[in-house]
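The structure appears right after this line, and notes come after that.
Each value in this text was obtained by applying a stated rule to the coordinates, not by laboratory testing. This one's a predicted model, so the numbers in the text were calculated from it and none came from an experiment. FYI the Cβ positions are ideal-geometry reconstructions off the backbone, even for glycines, and counts take in every protein chain you see.
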Amino acid sequence: MKIKEIRRILDKAFRSAREFFDYADVLYERVDKTEVKTIGSQTFITPLSVKARVQMRFLKGGKKVSLKVGEMDEDVLCQAVARAKGLWRTVRKPAKPVRLAPIPNPRRTVYAINPIYDLAEADPKKIINAVLSGVRGIADSFERKYTERGIKINPETWFYAQNEEKVIADTDGVFKRQTMPRTFLQVHTKLTRNTRNTPDSPSKSTQTKVRIADIKGLEAVLESTKTGWKLNPHARSEVRAWMQKAIDLLDGVSLSAEDVARMDHFVLDFNTLGVFIHEALGHNFEADSVKAGTSGVADHKGKPRGLVAAATVHIIDGPVVNINLEKPDMSTGFGTELIDDEGVQVKPKVLARNGKVEEFIHNRETAGYYNTESNGGAFSELGDQQVCRMSNTYMLPADPKIVRRNLDALIKDVKYGVILEGTLGGAVSKDGMSSSVQVGYLIEDGKITKTVNPSNFSGKSMYALRYVDGCTGNLRIDDVGFCGKAGQHRPVGDGGPTWTRIKTNPYIQLGIQGG
């Protein structure tokens, strides 16, 4: 739909809204998507789908009404305004009137990230074929390499590329539009060892999962060739690395509770650290959780409960910044957006500075409630209400003294510990979190000695990250996934330094499969 037509429809709806309400705003979202999933021997292809929804919000006399509307249509929106009038009369006035913080920079209208390889200009069938054949080709190469071990690999692939558009407008004259791409590839490697060829080895199954995604066009995963497309070097490298880890797990060992108890350090890769930060800390910084009294880091008035991390680190949400918390990079990060779903420009949020709570993730409503500025933390899923949500949540070293030269230097003085890599997801409560870890590597006297079976890693929100005592490597937020808060699924990125070392403590628990 052309912008001129959207403006005309909204003008008509807002004229109707002004007759009764003090304020009204609209969020329009549209997604054009190409997608393929393989599950077992079945392949499900969606060459092109288009979804669009509208969310309308109305304020009058300190009361709020929100409606999800099916489409950007003049009659539909005007009917929604009439319905909202009736609903408003049934809503009980809150103890503290609803107030929305203002939108900074209201006159800027256009926000865009432009792809190098645009989905709109590509043949979906060729794209899908390149992804599936590329993944299968890597699996075939491993099967040939390990023929004598009887290895069979069944990679389940999920790929999508989409172009996103959203428009935010209100009765005060704000009109903002954002367009951007988002591309995602997941390869779930399911590996079995066939004992017919290796009678001395027991049969065993292993699995790993890798995700590659960014706010880029097809170039996030693919590169152009003379005849079409193929997986780009980064995607091939990541898929190969995690298929190799599935093979490593064939020789994985378990560790007993006694073994874990005598460990002195855990070393987390950016994936494991990322989901830990997201689940253990991030949700607790969402201001609607703080307001509801369900946050573990602050009371309902926003008063911090204490330290949440070591004094040598910062916890950040939003675009990537440098070690001085400057120069936000808006061009990368699966959870990155230029404006949130209320039209507020997204900025880096220092959730914890030197381990101490500093800032929360706000939408305009919570910012108004706490009498502060909105910081671009309101997001929704296709027409749902805009709630306080993480985007990219990560840890940064605040003290250069904890930064080591490389992984070897980081583990040099670890007597007995474990490296934990990758995650299959996590869960959160008010007091803590847990996540599944895909693979581990035992550290003995500063050396990596054995592959360790998958494990479960859990920790308490207020305490676990107080024991960070070292890190190394570039900042990576490409632990990508989807957050399901309020029943809405939103793309997010998480991470930190490539490797982070945490001293074992009473607030972290680790259980190894088979132990």
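Couple of notes before you dig in:
- Long-range Cα-Cα pairs in segment 256-355 (distance over 19 Å), rounded percent: 55 percent
- Note on LYS447: lysines with a C-alpha under 16 Å away, same-chain residues under 8 apart excluded, are LYS412, LYS415.
- Per residue, the convex hull spanned by the Cα atoms of segment 3-100 measures out at 151 cubic angstrom.
- Working from label points 7 Å from Cα in the Cα-to-Cβ sense, the GLU373 to ARG136 distance is 5.3 nm.
- Entry note, segment 346-484: relative contact order of 17 percent, from Cα contacts under 8 Å with a spacing of 6+ residues.
- Loop-exposed GluC sites (Glu not before Pro) per DSSP, neighbour cap 16 Cβ within 10 angstrom, longest uninterrupted part of the chain: 72-325
- Ellipsoid semi-axes for segment 257-512, based on the Cα gyration tensor and the rule √(5λ), read 31, 18, 17 Å when sorted largest first.
- Calculated P(r) over Cα pairs in 20 Å bins from 0, in percent (choose from (1) 19, 41, 27, 13, 0; (2) 22, 51, 25, 3, 0; (3) 22, 55, 21, 2, 0), label: (2)
- 222 nm mean residue ellipticity, helices alone, for the chain (DSSP H n ≥ 4; -39,500 (n - 2.57); rounded to 500): -6000 deg cm²/dmol
- Spin-label pair LYS412/ARG149, simplified geometry with 7 Å Cα→Cβ offset, distance in nm: 3.2 nm
- Segment 380-420 residues near the modelled ASP469 label - backbone nitrogen below 16 Å, point 7 Å along Cα→Cβ: 401-404, 409-419
- For HIS234 and ALA112, a Förster radius of 25 Å and the Cβ-Cβ distance give a FRET efficiency of 0.55, rounded to the nearest 0.05.
- The slack in the chain from LYS2 to ARG405, taken as 0.36 nm per residue of separation less the alpha-carbon distance, amounts to 139.8 nm.
- Sequence-distant lysines (8 or more away, or on other chains) whose Cα lies within less than 30 Å of LYS152: LYS37, LYS125, LYS126, LYS190, LYS204, LYS209, LYS230, LYS245, LYS450
- Fully extending the segment from ASP73 to HIS489 would add 147.2 nm, taking 0.36 nm per residue of separation and subtracting the current Cα-Cα distance.
- The label-point distance for GLU326 and ASP251, in a model that sets each label 7 Å from Cα toward Cβ, rounds to 4.8 nm.
- Stretching the chain fully between ARG92 and ALA311 yields a gain of 74.4 nm (0.36 nm per residue, less the alpha carbon separation).
- Note on the chain: with charges restricted to the Cβ of Lys and Arg (+1) and Asp and Glu (-1), its dipole about the Cα centre is near 880 debye.
- Relative contact order of segment 119-251, defined on C-alpha pairs under 8 angstrom at six or more residues apart (%): 25 percent
- Seen from LYS450, the other residues with C-beta closer than 12 Å to its C-beta sum to a net charge of -3, counting Lys and Arg as +1 and Asp and Glu as -1.
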